[in-house]
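First comes the structure, then the notes that go with it.
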Amino acid sequence: MNYLFGLIGYPAKHSKSPWIHQHFLDQQSLHGAYQIWETSPEGLKDTLSSMKKLAVDGFNVTVPYKEKVMDYLDEIDPYAEKVGAVNTVLLRDGKWIGYNTDGRGFVRSLQETYPHTRLSEKKALLIGAGGAARGIYAALLEENMQRVDIANRTKERAEALLPLNTSSASSSALSFQEAEDNLAKYDIVIQTTSVGMTPNDTAKPFALNHVKDGAIVADIIYKPFETVLLQEAREKGANILHGHGMLVYQAALAFELWTGTHVEASQLLKEFEQQLK
Ligand code: ATR
């Protein structure tokens, strides 16, 4: 078997995914290649049809196509349907099946980095209510957490995510001010907005003065390597979780879907960290 995997997105050229997936192929002693199909919106339909003719075994989907790609798939896994976005497509019996490994990738990164954290006993605060937050919210709810609250600049957008919760977890929408004032309540704080992403960006959604002792503070941004929010969390003695863990583990979960293997990603994560620092 010689696998052909890839990525569609726009832009996508500078993606780290080929490097990550080549590592997994080597680790599993599998043969294959991972190719980038950078595709403008006008070219999306033709690119996908060429990829189907090529019988691409599996591909990832990145910005801006995670929702749009769903129109071209044969089946969508119920979890991806719930999240409303697809980041991984698998070719099975000539059919394209869409999955979402982003949020679960975040949860696996959290569990592998802090293995003694029992999520079912914890309360989490999600900062942001966009596409990334939606995926992580769905994945946290699968872990039967006690509480998952969502704070967003626009509180109504946080409220709009609440119907996703069919678990026993309590969940409310908060303004940034409410979240900042009540921060001591949360064991895990996860920053998913784009605040802090541009170079030398000193912005953060809000201050962490009330962060709980021993809390885990995560940011899904991985460029810069450590956002101002994470720096502040570190100074306050919190446990921190960098964003590249989610990137590596969403890839690991995609690779596992494509190949039916179980990959070991912790060493790769360390190497990746060295590259980004
Ligand atoms: P993504 O798919 O990366 O999550 P998105 O769906 O555009 O992107 O969502 C962006 C998130 O970042 C939202 O929570 C957004 O807040 P609003 O819903 O209020 O727009 C948040 N965000 C973006 N810029 C922000 C800023 N300057 N301050 C606070 N929040 C911001």
Item to check | Neighbours by Cβ (under 6 Å, 6+ apart or cross-chain): first from region 110-138, within 16 Å of the ligand (Cβ to nearest atom); second basic (K, R) | outcome: A129/R157; A138/K82
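Using the structure shown, decide if E81 is farther than 21 Å from G130 by Cα and in a helix (DSSP H, G or I). Write out each step before concluding.
Values: farther than 21 Å from G130 by Cα: no; in a helix (DSSP H, G or I): yes.
Against the criterion (farther than 21 Å from G130 by Cα and in a helix (DSSP H, G or I)), E81 does not qualify.
Residue by residue, here is whether (1) outside any helix (DSSP H, G or I); (2) over 20 Å from A179 (Cβ atoms); (3) modelled with pLDDT of 95 or more holds:
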position	(1), (2), (3)
I97	yes, yes, yes
R104	no, yes, yes
V107	no, yes, yes
L110	no, no, yes
T117	yes, yes, yes
R134	no, no, yes
Y137	no, no, yes
L140	no, no, yes
Next on the checklist: Considering only residues that are small (G, A, S), farther than 21 Å from E81 by Cα and surrounded by fewer than 22 Cβ atoms within 10 Å (Cβ to Cβ), which ones fall in region 124-170?
Outcome noted: S170
Item to check | Answer from R104, R108 - the residue that is within 15 Å of A132 (Cβ to Cβ), under 13 Å from the mean Cα position of the chain (by Cα) and of a type outside the set (G, A, S) | outcome: R104
Checklist entry - Any idea how many residues of region 161-201 are over 17 Å from L140 (Cα atoms), near the ligand (Cβ under 10 Å from one of its atoms) and not in a loop (DSSP other than H, G, I, E, B)? => result 1
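The values are calculated or read from the model by the stated rules, or taken from the named source; none is laboratory data. Treat the numbers as computed from the prediction; the structure is a model and nothing was measured. Cβ: placed from backbone, ideal geometry, glycine included. Neighbour counts: every protein chain shown.
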